[in-house]
Amino acid sequence: MALTAAEKEAILKEHGQSEGDTGSPEVQVALLTANINKLQGHFSAHKQDHHSRRGLIRMVNQRRKLLDYLKKKDLNRYAQLIAKLGLRR
């Protein structure tokens, strides 16, 4: 269910601001979004997996916090990230 190293590397290259950038909010939100999307497919097949659902809710809340931070710091970067990832808001 977790992202593979190759998938993470592709996300880092696409959303990172520089080489080796893993801590910027854009990268963190993109990684969380990929994990969330992967878990959504898992729940269509395993409807009663409530333990993993708790982790999903935690990831969604963490992504929301990071997006709120980015929106407060730089509205342009926030808008570009939302458009690139196709998130509602």
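The values are calculated or read from the model by the stated rules, or taken from the named source; none is laboratory data. These numbers come from a predicted model, not from an experiment. Please note: Cβ atoms are built from the backbone with ideal geometry, for glycine as well, and neighbour counts cover all protein chains shown. Each accessible area value is taken on the protein alone, full model and side chains, heavy atoms only, with ligands, DNA and RNA left out. Shrake-Rupley method; radii C 1.70, N 1.55, O 1.52, S 1.80 Å.
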remark   = To the nearest 20 debye, the chain has a Cα-centred charge dipole, built from +1 on Lys and Arg Cβ and -1 on Asp and Glu Cβ, of 560
remark   = With residue 55 itself left out, Lys, Arg at +1 and Asp, Glu at -1 over residues whose Cβ is under 14 Å from its Cβ give +4
query = So what is the relative contact order for the chain, in percent, with contacts set as C-alpha pairs under 8 Å and at least six apart?
reply = 25
request  = Check each of the trypsin sites (Lys or Arg not before Pro) in region 1-47 and keep only those in coil by DSSP with at most 15 other C-beta atoms within 10 angstrom; list them in order.
outcome  = 47
inquiry  = Which residues does the label zone of residue 47 cover in region 1-39, counting backbone N under 19 Å from a point 7 Å along Cα→Cβ?
reply    = 39
request  = Mind checking the full-extension length gain between residue 71 and residue 83? Use 0.36 nm per residue of separation minus the Cα-Cα distance, one decimal, nm.
outcome  = 3.0 nm
key: Residue order for 49, 68 - accessible surface, 1.4 angstrom probe, largest first   = 68, 49
remark   = Sorting 61, 22, 5 by the position of each Cα along the dipole of the chain (Lys, Arg +1; Asp, Glu -1; all at Cβ), the one nearest the positive end of that ordering is 61
